[in-house]
Amino acid sequence: MHASTRSAPGPYDVLVIGGGIIGLVTAWRAAQRGLRTAVADPAPGGGAALVAAGMLAAVTELHYGEQALLALNLASARRYPDFTAELEEASGRDTGYRACGTLAVALDADDRAHLRELGAFQRRCGLEAEWLTGRECRRLEPMLAPGVQGGLRVDGDHQTDPRRLAAALLTACERAGVTLHRTAVARVLLDGDRAAGAELADGGRIAAGQTVLAAGSHSGRIAGLPDAVLPPVRPVKGQTLRLRIPEAYRPFLSRTVRAVVRGNPVYLVPRENGELVIGATTEELGWDTTVTAGGVYELLRDAHELVPGLTELPLAETSAGLRPGSPDNAPLLGPTELPGLHVATGHHRNGVLLTPLTGDVMAEALTTGRLPEEARPFSPRRFAASGAASSSATATALAQEPSA
């Protein structure tokens, strides 16, 4: 449903600022709970999802010291099959979900030792990961380089197509009665000591009982809010490539393949439609979204080390996007210290994976005012002291940039 912001008929129960996959899943779930919901975004269905590869990699994305985040990621991964089925039925669109598994491989002795150590850590965390020899890896994926020395087979790490996911969520929102205001937000409106909606770039105003800040890496830059409640998120640039696998070359890879090459993580995600996504760089360069020759070269060079045959494939697309990073690489979910204001941002590299859980968590918070127990460690209030200074500095330094 589309609307003119100047003639919005009365206040909404919920206004979601940001129409990426996190904002859309929040709006969809809120509407399903009977809340009159609107989304404000100049291009809903866009954002980081257009660049993301869509790995649902709770196990192979595990990093030391992130066990609490692991529990959240696993909880969301378990929801994906049912979530996908419900969303595809509600939208009539395919999301590209594949339960294909992931193979993390090592190319030299040092990588092999590190990967074995990581596998042991995964098993200590109760995760399923099977060590394979190089020969066993190549038996699974014949296109792998002969020098692969071993790997971890993780059948529980799957994939989805974020572009299709975003399109399905957009359709599901429209069918659920969510109103889409295709305009940027200029500032959040306050009514006394509580958030009360937003003023838009076109001068229109949207009144809402509750406002959700879900604008990805732009969430810490929205005007009108006290510094103390601005989420401490920053943009983390990622470049990805998309290659096309001709029919004669299929199946090129049967599952996601990933490795660390010369210290750089690289992954190859094969789609059933013949697309091969290669990613991704991690660059702390502010708001720059330039696709660089160096980024393309590094990704192709490292991917070629894993799968030499990919140099025969047509290069279909290069892209760059901004992940919303937080100080602890974990999301910020739920109510803030400002009454009426919630946040759903900071998902960093796990935004696609955490989509089902985020929708459920935010719907619960919006209808009851409480976070489910599994999400309580990720309340934005954990940054109540440090976040203000960080966000204030970021907002000042970047004041000339356009708003989300």
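The values are calculated or read from the model by the stated rules, or taken from the named source; none is laboratory data. Remember, it's a predicted structure, so these values are computed and weren't measured experimentally. Here Cβ is always computed from backbone atoms with ideal geometry, including for glycine, and neighbour counts include all displayed protein chains. Calculation scope for accessible area: heavy atoms of the full protein, side chains included, ligands and nucleic acids excluded. Shrake-Rupley method; radii C 1.70, N 1.55, O 1.52, S 1.80 Å.
Can you tell me the dipole magnitude for the chain around its Cα centre, using point charges on the Cβ only (Lys, Arg +1; Asp, Glu -1), in Debye to the nearest 20?
In debye, rounded to 20, the chain gives about 240.
For the chain, what is the calculated [θ] at 222 nm in deg cm²/dmol (nearest 500), taking -39500 (n - 2.57) for each run of four or more DSSP H residues and dividing by its residue count?
Rounded to the nearest 500, it is -9000 deg cm²/dmol.
If each residue of separation counts as 0.36 nm, what is the full-extension length gain between ARG205 and ASP193 once their alpha-carbon separation is subtracted?
So the extension gain works out to 2.5 nm.
Once you have all Cα-Cα distances for region 105-227, histogram them in 10 Å bins from zero and send the whole-percent values.
Going out from 0 Å in 10 Å bins, region 105-227 shows 11, 24, 17, 14, 19, 14, 1 percent.
Run the dipole for region 243-388 about the Cα centre, Lys and Arg Cβ at +1, Asp and Glu Cβ at -1, nothing else charged, and hand back the magnitude in debye, nearest 20.
Roughly 200 debye, rounded to the nearest 20.
List the residues of region 304-337 whose backbone N lies under 11 Å from a point placed 7 Å from the Cα of ALA68 along the Cα-to-Cβ direction.
Within reach of a label on ALA68: 328-331.
DSSP loop GluC sites (Glu not before Pro) in region 197-293 with at most 15 other Cβ atoms within 10 Å of their Cβ, which ones?
GLU272, GLU284
GLU174: net charge of surrounding residues, Cβ under 14 Å, Lys/Arg +1, Asp/Glu -1, itself excluded?
Around GLU174, the surrounding residues sum to +2.
Jot down the per residue volume, in cubic angstrom and as a whole number, of the convex hull over the alpha-carbon atoms of the chain.
Normalising the Cα hull of the chain by residue number yields 132 Å³.
Viscosity 0.890 mPa s, temperature 25 °C: give me the Stokes-Einstein translational D for region 255-381 in µm²/s, with Rh taken as the Kirkwood radius over C-alpha pairs.
143
How high is the relative contact order of region 1-124? Use alpha-carbon pairs under 8 Å, at least six apart in sequence, and give a whole percent.
Relative contact order comes out at 17 percent.
Expressed as a whole percent, how much of the Cα-Cα distance distribution for region 174-290 exceeds 20 Å?
In whole percent, the long-distance tail amounts to 63.
Quick one: net charge around VAL236, please, counting Lys, Arg +1 and Asp, Glu -1 for every other residue with C-beta under 13 Å from its C-beta.
That sum, taken over residues with Cβ under 13 Å, equals +1.
How much net charge surrounds LEU35 when only other residues with a Cβ under 13 Å from its Cβ are counted (Lys, Arg +1; Asp, Glu -1)?
With Lys, Arg at +1 and Asp, Glu at -1, the net is +1.
If you roll a 1.4 angstrom probe over the protein chains with everything in place, what fraction of the accessible area of the chain belongs to carbon and sulfur, to the nearest %?
Whole-percent figure for carbon plus sulfur exposure: 50.
Given 4 °C and 1.567 mPa s, how large is the Stokes-Einstein diffusion coefficient of region 52-111 in µm²/s, with Rh as the Kirkwood radius over Cα pairs?
My calculation gives 94 µm²/s for D.
Using 0.36 nm per residue of separation minus the Cα-Cα distance, give me the extension gain between ARG244 and GLU88 in nm, one decimal.
Gain on extension, ARG244 to GLU88, equals 53.6 nm.
In region 48-67, whose amide N lies under 20 Å from the spot 7 Å out along Cα-to-Cβ of VAL291? List them in ranges.
Only 48-55 fall inside the zone, counting backbone N under 20 Å.
I want the antiparallel fraction of DSSP beta bridges within the chain, as a percent rounded to 5.
So the antiparallel bridges in the chain amount to around 70 percent.
How large is the accessible surface per residue of the chain, computed with a 1.4 Å probe and reported in Å² as a whole number?
Result: 40 Å² of accessible area for each residue.
Only sites in a loop by DSSP and with at most 15 other Cβ atoms within 10 Å count here; which GluC sites (Glu not before Pro) in region 301-357 make the cut?
GLU337
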